[in-house]
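Notes follow once the structure below has been shown.
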Amino acid sequence: MADEELTDPKLYLEETCKPKCVKPFWEYQACIKRIKGDESGQKHCTGQYFDYLKCVDECVALKLFDKLK
């Protein structure tokens with residue numbers, strides 16, 4: 001067991017879940033394009049980013065606990 005390299009299953013599951021969250025991802029990308037020229041720093045895409053992360057996290061949560069020992 002000491003020679004085995006442990007891997008985090010969450011990282012793998014996040015990569016498999018990202019394709020299932022295309023809509024929030026594209027909304028985030030559209031927001032980035034929309035505010036690209038903002039010089040004031042007042043505009044941001046935090047809400048869209050958190051929506052995307054929430055989608056990925058919810059997908060991962062369904063599978064992650066089955067992989068843990």
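Would you be so kind as to identify which of 6, 19, 31 lies farthest towards the positive end of the dipole of the chain, taking Lys and Arg as +1 and Asp and Glu as -1 on Cβ and the Cα centre as origin?
Checked the options; the winner is 31.
Which lysines does residue 33 reach when only Cα atoms under 16 Å apart count, and residues fewer than 8 places away in its own chain are ignored?
Of all the lysines, those that pass the test against residue 33 - Cα under 16 Å, at least 8 places apart if same chain - are 23, 43.
In terms of solvent-accessible area of protein heavy atoms at a 1.4 angstrom probe, what is the ranking of 28, 52, 12, highest value first? Before the final figure, lay out each step's value.
Numbers: 28 50, 52 25, 12 145 Å².
Heavy-atom accessible area, descending, gives 12, 28, 52.
Quickly estimate the mean residue ellipticity at 222 nm for the chain, helices only: each DSSP H run with n ≥ 4 gives -39500 (n - 2.57), and the total goes over all residues, rounded to 500. Provide the component values of the computation, followed by the final result.
Values: 3 runs with 44 residues, N = 69.
After summing the helix terms and dividing by the residues of the chain, the value is -21000 deg cm²/dmol.
Leaving out same-chain residues fewer than 8 places away, which lysines sit with a Cα under 16 Å from that of residue 10?
18, 20, 54, 63, 67, 69
To the nearest 0.05, how large is the calculated FRET efficiency for residue 35 and residue 8 if R₀ is 30 Å and r is the Cβ-Cβ distance?
Details: r = 33 Å, r/R0 = 1.09.
The formula returns an efficiency of 0.35 here.
FRET efficiency for residue 22 and residue 46, Cβ-Cβ distance as r, R0 = 25 Å, nearest 0.05? Before the final figure, lay out each step's value.
Details: r = 20 Å, r/R0 = 0.79.
Once rounded, the FRET efficiency stands at 0.80.
Where the only charges are on Cβ atoms (+1 Lys, Arg; -1 Asp, Glu), what is the dipole of the chain about its Cα centre, to the nearest 20 debye?
Details: 12 positive and 13 negative charges, 95 e Å.
The calculation lands at about 460 debye.
Return the tail of the calculated pair distribution for the stretch 10-69, meaning the percent of Cα-Cα pairs more than 19 Å apart.
Numbers: 710 of 1770 pairs.
Roughly 40 percent, rounded to a whole number.
The values are calculated or read from the model by the stated rules, or taken from the named source; none is laboratory data. Quantities reported herein were computed from a predicted structural model and do not represent experimental measurements. Glycine gets a Cβ as well: all are built from the backbone with ideal geometry, and neighbour counts include every protein chain shown. Just so you know, the surface numbers come from the protein's heavy atoms only, side chains and all, with ligands and any DNA or RNA stripped out. Shrake-Rupley method; radii C 1.70, N 1.55, O 1.52, S 1.80 Å.
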